[in-house]
Amino acid sequence: MAESFHEYRHTRQAPGEPRLRWFQCDYFELFVWFDDADAPLAFRLCYERGYSQERAITWEKASGRIRHDAVDGGGSIGSYAPSATLVAHCNSIPAKVIQRFRQTPGEIPTEIRQLVIGQLEAKIAAPGG
């Protein structure tokens, strides 16, 4: 995967769950969930994919809050693939993540990109963010 976002257009949709769109490049993975009116409900931006400590930033419209977690990739058992889980991580979101997200080209619609950048910048600007 190159350093350019690609959208997986045939993302499996879970019945009864909000619609999901999935974007990915070498460094990032972005999941965005939408309501029936096609308005974003939540996003999860994973970064440092393939590095020693992947991180995930999750925003939910209902609460207006952002969580910043470490991703625990789990360990494989025999031939079974590991299941990743989020582990509480209280460090602030590095400004370099926003900058890199902003500069990474690809198939993310402008309104989604602006939502993600706006929420991340608001988190950094907030006291304790």
Identity of the residue in the range 73-112, among the β-branched types (Val, Ile, Thr) and modelled with pLDDT under 90, that ends up farthest from Phe34 (Cα to Cα): Ile77
Residue under evaluation Ala39, criteria (1) surrounded by fewer than 15 Cβ atoms within 10 Å (Cβ to Cβ); (2) closer than 15 Å to Leu115 by Cβ; (3) modelled with pLDDT under 95, criterion not met: (3)
Any chance Arg49 is under 21 Å from Tyr8 (Cβ atoms), of a type in the set (Lys, Arg) and at pLDDT 90 or above: no
Test set (1) over 12 Å from Ile108 (Cβ atoms); (2) touching a Pro at 6+ places or on another chain (Cβ under 9 Å); (3) modelled with pLDDT under 95 - Tyr27 fails condition number: (2)
Single condition Tyr47 does not satisfy, out of (1) touching a helix residue (DSSP H, G or I) at 6+ places or on another chain (Cβ under 6 Å); (2) over 17 Å from Gly106 (Cα atoms); (3) among the aromatic types (Phe, Trp, Tyr): (2)
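The values are calculated or read from the model by the stated rules, or taken from the named source; none is laboratory data. This one's a predicted model, so the numbers in the text were calculated from it and none came from an experiment. Ideal geometry is used to build each Cβ from the backbone, glycine not excepted, and the neighbour counts take in all protein chains shown.
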